[in-house]
Amino acid sequence: MDVTLAHSIHNAFARLTQPIQGENKNNVIIGAVAATALGLVGFKLWMTGSSNEHHPNLSGKIVVITGGNTGIGYETAKEFALMGARVIILVRNEQKGQDAVAELKQSTGKSQIEYQLLRLDDLSSVRSSAQYLIQSLGGRKIDILVNNAGVMATPQGKTKEGYELQFGTNHLGHYALTVLLLNQDAITDGGRIITLSSNAHYKGIMEDLNFEKTPYNAWQAYSNSKLANVLFARELQERLFLKKSNIISVSLHPGAVRTELARHLGAMKVVFYPLSVFFKTPNQGAQTTLHCALSPDVFKHGGEYFDNCRQTKAHVATEENAPSRKLWELSERLTNISLD
Ligand SMILES: NC(=O)c1ccc[n+]([C@@H]2O[C@H](COP(=O)([O-])OP(=O)(O)OC[C@H]3O[C@@H](n4cnc5c(N)ncnc54)[C@H](OP(=O)(O)O)[C@@H]3O)[C@@H](O)[C@H]2O)c1
């Protein structure tokens, strides 16, 4: 090694290992605080993600959103209403539906916003809701269906029909609603079906979905239900393609978003709530849904998974046909509803 270089390295090392004193110490502290602040700002910006760039005039279009009374669904409803669409939110609580519609009308200045009742954890409610929705459309068709509603990490529970609550609500309810609407030809050819999943789906497994062989694990149940959302969107696209339909089906992760989804977290809220300052706002969380519903590019990605307004590789189970087909057949058996 060159002697001068060796000398320089020695000096630099000596400087680094010297105790920091006086003005130097202040500079080091200021530098560390500035670097931490910059890091936190960068992290927050990274968490915020991308924005939907498509803002067409949706006058004359009909958008249906499950769980549109709060969180990501509410902001999605607001954005579609601002673009001129007629928006129908499907909610499980009448009072919340009324309040959300009043607030949406007030904040957007639009009048074509309404709510209808739907309980995704009760298949008889899903059937009557689909029927009522179709009747209320009076022969017109849905242009965009957003399967948005969901529950996360609930205490162990069952749907009305006795299926695990998160799988039943997040997947089976949406499967039933979508297929019932398709069977009645209630979705426009060229329309879109957007299903909200989560990056939690990467940890999902399609085994023992009712937790009959293994002890209940609230996070595993959520991940399983979200993997089911991704496989459902994929298999639905396959089947629509076989029917020569031009309807597009995709699934997505909205990001980590500050909403009421964490309501079942119990003691974990102590960790979750401080962390949530870095999360997306509900409006930022709606951006990937809007992108999937509005970007012309999405037509090239039917059946695929999106994150941050971009198509993204999903769980390895989506690389083959068998897992999504198996889930579809199971869903047919559990709901007694099949695509015609
Ligand atoms: N927030 C996130 O960080 C995040 C991350 C990844 C994925 N997601 C997904 O994004 C979607 C929206 O979540 P969010 O964060 O907006 O949650 P949220 O604020 O808790 O909203 C969930 C919505 O679903 C409705 N819902 C729950 N159970 C239902 C049932 N049985 N029948 C009908 N509606 C029901 C809720 O109605 P009530 O108001 O009456 O309870 C509410 O309107 C979910 O699918 C979630 O898995 C969210």
Take the residues in segment 235-266 that are under 23 Å from LYS326 (Cα atoms) and among the aliphatic types (A, V, I, L, M); name whichever of them is farthest from the chain's Cα centre (by Cα).
LEU242
Taking the conditions exactly as written (within 16 Å of the ligand (Cβ to nearest atom), in contact (Cβ under 8 Å) with a residue 24 or more places away in the chain and not charged (D, E, K, R)), does LEU261 satisfy them or not?
yes
Filter result (within 16 Å of the ligand (Cβ to nearest atom) and either surrounded by fewer than 21 Cβ atoms within 10 Å (Cβ to Cβ) or among the aliphatic types (A, V, I, L, M) (or both)) within segment 237-257:
VAL250, LEU252, ALA256, VAL257
Identify all residues within segment 235-257 that are in contact with a strand residue (DSSP E or B) (Cβ under 7 Å, 6 or more places away or on another chain) and not in a strand (DSSP E or B); write none if there are none.
LEU236, GLN237, LEU240, SER245, ASN246, ILE247, PRO254, GLY255, ALA256
Quick one: is GLY255 modelled with pLDDT under 95 and at positive phi?
no
Being assigned to a helix (DSSP H, G or I), under 19 Å from GLU53 (Cα atoms), more than 10 Å from the ligand (Cβ to nearest atom) and not basic (Lys, Arg) is the requirement here; does VAL298 meet it?
yes
Candidates ALA100, ALA153, ALA149, ALA176 - the one that is within 13 Å of the ligand (Cβ to nearest atom), at positive phi and not β-branched (Val, Ile, Thr)
ALA153
Which fully enclosed strands (runs of 3 or more DSSP E) of segment 19-124 have 3 or more residues being under 24 Å from GLY150 (Cα atoms) and hydrophobic (A, V, I, L, M, F, W, C)?
62-66, 86-91
In segment 194-215, which residue that is closer than 17 Å to THR318 by Cα and loosely packed, with under 15 Cβ neighbours inside 10 Å is farthest from the ligand (Cβ to nearest atom)?
GLU207
If we ask which residues in segment 127-146 are near the ligand (Cβ under 10 Å from one of its atoms) and without any contact (Cβ under 8 Å) to a residue 60 or more places away in the chain, their number turns out to be 1
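The values are calculated or read from the model by the stated rules, or taken from the named source; none is laboratory data. Model, not experiment: these values are computed from the prediction. Using ideal geometry, Cβ is built from the backbone for each residue, glycine included, and neighbour counts are taken over all protein chains shown.
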